[in-house]
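Shown next, in structure tokens, is the structure this report addresses.
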Amino acid sequence: MTKTRIKIYFDGGARPNPGTIEIAVVCGGVAHIERDAGRGGSLDAEWLALIAGLRLARARGFEDFLLLGDAAAVVAQANGAVRARGGAAVHLAAFHALVGDGPRPRVRHVGRAQNLAGIALAKLHAR
């Protein structure tokens, strides 16, 4: 029997930008949405969504999971491909603190149309 890697989608936004942050994490077809995650810009929102996805994975005891988001800059910073500066560096430090001594989680970029968390957030505003 093959073990299935769990996919966790994350997305965040600020309305207006900067403004109130909302984040979504989708895992197993269930959307976890926080409509007021503080104040900041779009990049802050994406980082908070990624961190929320990692927290969800840790809380559920997942070992083999993939974090999927459409914010290329956040994915690149989380993977160490691009240096995080300013507020992003603070979020990256929080991400690393949550990772601890364990293996670095896999964080991958997906297109906006494939990001289930982004779709969940869009549906909130389509009503």
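Here are a few things to note about the model shown:
- Members of region 51-109 found to be acidic (Asp, Glu) and surrounded by 15 or more Cβ atoms within 10 Å (Cβ to Cβ), listed by number: Asp70
- Among (1) of a type in the set (D, E, K, R); (2) in a strand (DSSP E or B); (3) surrounded by fewer than 23 Cβ atoms within 10 Å (Cβ to Cβ) - the single one Asp11 does not satisfy: (3)
- Check on Thr4, within 20 Å of His125 (Cβ to Cβ) and hydroxyl-bearing (Ser, Thr, Tyr): no
Rule-based calculations on the coordinates, nothing more; no lab input. Values in this document were obtained by computation on a predicted structure and should not be read as measured data. Backbone-built Cβ (ideal geometry, glycine too); neighbour counts: all protein chains shown.
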